[in-house]
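The values are calculated or read from the model by the stated rules, or taken from the named source; none is laboratory data. It should be emphasised that the depicted structure is a prediction, and the values quoted were computed from it without experimental measurement. Here the Cβ positions follow ideal geometry from the backbone for every residue, glycine too, while neighbour counts run over all protein chains shown. The area values use the complete protein model at the heavy-atom level, side chains included, leaving out ligands, DNA and RNA. Shrake-Rupley method; radii C 1.70, N 1.55, O 1.52, S 1.80 Å.
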Amino acid sequence: MRKTLHRARIGLRRAGVDYFRGDGSDWIVLAALLLTVPAIAILTVSTPVWCPPAALVLPIVVGGLLLRPSSLLLLYAASATALIVESALLGPYTRGPGRVTPGTILVVAAVGFAGLVIAQFRSRVGVPWRRGGTMLFDLRERIRVQSKLPRLPKGWHHEMALRPAGGQSFSGDFVVAARTNGGRTLEVVLTDVSGKGMDAASRSLLLSGAFGGLLGSLPPHNFLPAANGYLLRQDWDEGFATSIHLVLDLDSGDYELLSAGHPPGLQLIAGTGRWEEKGAEGPLLGVYDGAQFDSVKGTLRPGDVLMLFTDGLVESADRELAEGIDRLTGEADRYITSSFRGAAWHLIEAVAKDVNDDRALLLLCRD
């Protein structure tokens, strides 16, 4: 009995997994929709005012979202038969309203064609409708989790905001971070993948996972060369990216910035209240092999702030990089008294709210 129950449980589990993956049978949904078609036809014949002939589009829409193309054709055949029966029982459409008109046939046919196109696309991609949204949600959450900075020790805090282009959920900008050297060192990589929004989402997800694996596994000076080699091996048509790598000693405040074609970092010197550019030299990632990435060093003293950002925040078609940086620092001066608590999102809103580009901003503050 235990063996029988175990086999039944395993079979049920496999059937459920196959169904949600799109590999299982859809006969239950098909049978339910095939029963819905004659029910709608009966209602149409009995009360055409409340249930018009065009109501047959309802099972067709559901079938386009849930059925395979082969099963969908059976549903279409049943719907066409129902239209013929309704037309015969209700009489010619010239006798009054509530009958099958040429417009009704065109609407049902158009919805059916759209449903078949959707079903063909789902079949080709291999992602059923009932799982497609969940998969996209999972991808978005993975990017968000990977962009979280680790907890910082007392005396440090960070502010970060990512804003995709066009208000979408996916961005070509991402952050990966890790505490290395026994937790005494913070390494942060801010990357801007070529393209924006959904166009760059797949590359952004792939690179964030790869960069997260490289970060902390290699000496800091070897990270950007390894990332450059990884992009070159992908052989993408639009495969370049800019990146800035911060290596910060959390005990002393000493840091090192390495850049790959990325906008410079900005440091607020608490003693003078001025912003200083920290621009390291280096080519774009994924352009050519053997690239060299020089570094720039600095120290964050108590009250100092280091700001890292992507070019979507400071550069646009009608604004040069220097002008955008001046505007950003001018807005950032308003948050000095509040230690920049919650400032990242507000700075993006103030400087680049309507820019059709991905925007990312990271603030590291030493209290």
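Conditions tested, residue by residue: (1) at pLDDT 90 or above; (2) surrounded by fewer than 18 Cβ atoms within 10 Å (Cβ to Cβ); (3) touching a His at 6+ places or on another chain (Cβ under 8 Å).
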site: Thr94; (1), (2), (3): no, yes, no
site: Val100; (1), (2), (3): no, no, no
site: Ala110; (1), (2), (3): yes, yes, no
site: Phe113; (1), (2), (3): yes, yes, no
site: Thr134; (1), (2), (3): no, yes, no
site: Val145; (1), (2), (3): no, yes, no
site: Glu159; (1), (2), (3): yes, no, no
site: Ser171; (1), (2), (3): no, no, no
site: Arg179; (1), (2), (3): yes, no, no
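Would you be able to say whether some residue in the stretch 218-235 is at pLDDT 85 or above, out of contact with any Leu (no Cβ under 9 Å at 6 or more places or on another chain) and not in a helix (DSSP H, G or I)?
Yes, the conditions are met somewhere in the stretch 218-235.
Which residues, taken from the stretch 308-327, are under 26 Å from the mean Cα position of the chain (by Cα) and loosely packed, with under 14 Cβ neighbours inside 10 Å?
Ala317 - this is the single residue of the stretch 308-327 that is under 26 Å from the mean Cα position of the chain (by Cα) and loosely packed, with under 14 Cβ neighbours inside 10 Å.
Checking Ala8 against (1) part of a loop (DSSP other than H, G, I, E, B); (2) open to solvent by 30 Å² or more (accessible area, probe 1.4 Å); (3) modelled with pLDDT under 80: exactly one of these is not met. Which one?
(1)
Among the residues of the stretch 245-263, which ones are within 26 Å of the chain's Cα centre (by Cα) and either on the phi > 0 side of the Ramachandran plot or surrounded by fewer than 19 Cβ atoms within 10 Å (Cβ to Cβ) (or both)?
Of everything in the stretch 245-263, just one residue is within 26 Å of the chain's Cα centre (by Cα) and either on the phi > 0 side of the Ramachandran plot or surrounded by fewer than 19 Cβ atoms within 10 Å (Cβ to Cβ) (or both), namely Gly261.
Go over the candidates Ala270, Ala165, Ala210 one by one and state the one that is open to solvent by 10 Å² or more (accessible area, probe 1.4 Å) and closer than 30 Å to Ser338 by Cβ.
From the options Ala270, Ala165, Ala210, the qualifying one is Ala270.
Working only within the stretch 213-238, note down all residues that are open to solvent by 40 Å² or more (accessible area, probe 1.4 Å), under 17 Å from Phe174 (Cβ atoms), touching a Gly at 6+ places or on another chain (Cβ under 9 Å) and not aromatic (Phe, Trp, Tyr).
If the condition is that a residue be open to solvent by 40 Å² or more (accessible area, probe 1.4 Å), under 17 Å from Phe174 (Cβ atoms), touching a Gly at 6+ places or on another chain (Cβ under 9 Å) and not aromatic (Phe, Trp, Tyr), then Gln234, Glu238 are the ones that fit.
Of these, Val287, Val296, which one is among the β-branched types (Val, Ile, Thr) and either open to solvent by 40 Å² or more (accessible area, probe 1.4 Å) or closer than 26 Å to Ala201 by Cα (or both)?
The conditions single out Val287.
On the given criteria, is Tyr255 modelled with pLDDT of 90 or more and not acidic (Asp, Glu)? Can you show your working first?
Values: modelled with pLDDT of 90 or more: yes; not acidic (Asp, Glu): yes.
Considered against the rule, which asks whether it is modelled with pLDDT of 90 or more and not acidic (Asp, Glu), Tyr255 comes out as yes.
Which one is nearest to Met160 (Cα to Cα) among residues in the stretch 322-342 that are among the polar types (S, T, N, Q) and touching a strand residue (DSSP E or B) at 6+ places or on another chain (Cβ under 7 Å)?
In this case the residue turns out to be Ser339.
Hey, could you check the stretch 32-49 for residues that are of a type in the set (Val, Ile, Thr) and assigned to a helix (DSSP H, G or I) and say which is surrounded by the most Cβ atoms within 10 Å (Cβ to Cβ)? Give the steps one after another, and end with the answer.
The initial filter retains those residues of the stretch 32-49 that are of a type in the set (Val, Ile, Thr), namely 36-37, 40, 42, 44-45, 47, 49.
Next, from what is left, pick out any that are assigned to a helix (DSSP H, G or I): 36-37, 40, 42, 44-45.
Values: Thr36: 19, Val37: 23, Ile40: 20, Ile42: 14, Thr44: 26, Val45: 17.
Only one residue fits best here, namely Thr44.
Just the residues that are within 24 Å of Gly253 (Cβ to Cβ), open to solvent by less than 10 Å² (accessible area, probe 1.4 Å) and not in a helix (DSSP H, G or I), please, taken from the stretch 328-366.
Hits for the stretch 328-366 are Phe340, Ala360, Leu361, Leu362, Leu363, Leu364, Cys365.
Which pairs have Cβ atoms under 6 Å, sit 6 or more apart or on different chains, and link a residue in the stretch 177-206 that is more than 24 Å from Pro219 (Cα to Cα) to one that is acidic (Asp, Glu) and modelled with pLDDT of 80 or more?
Lys196/Asp357; Lys196/Asp358
Can you tell me which residues in the stretch 181-200 are outside any strand (DSSP E or B) and either closer than 24 Å to His346 by Cα or open to solvent by 10 Å² or more (accessible area, probe 1.4 Å) (or both)?
Taking the stretch 181-200 as the starting set, the residues that turn out to be outside any strand (DSSP E or B) are 181-184, 194-200.
Within the stretch 181-200, Asn181, Gly182, Gly183, Arg184, Gly195, Lys196, Gly197, Met198, Asp199 meet the criteria.
Counting only residues that are without any contact (Cβ under 8 Å) to a residue 24 or more places away in the chain and among the basic types (Lys, Arg), give me the strands (runs of 3 or more DSSP E) lying completely in the stretch 257-327 with at least 1 of them.
274-278
Take the stretch 96-122 and flag every residue that is closer than 13 Å to Gly63 by Cα and not hydrophobic (A, V, I, L, M, F, W, C).
Once the filter is applied, which keeps residues that are closer than 13 Å to Gly63 by Cα and not hydrophobic (A, V, I, L, M, F, W, C), the stretch 96-122 yields Gly112, Gly115, Gln120, Arg122.
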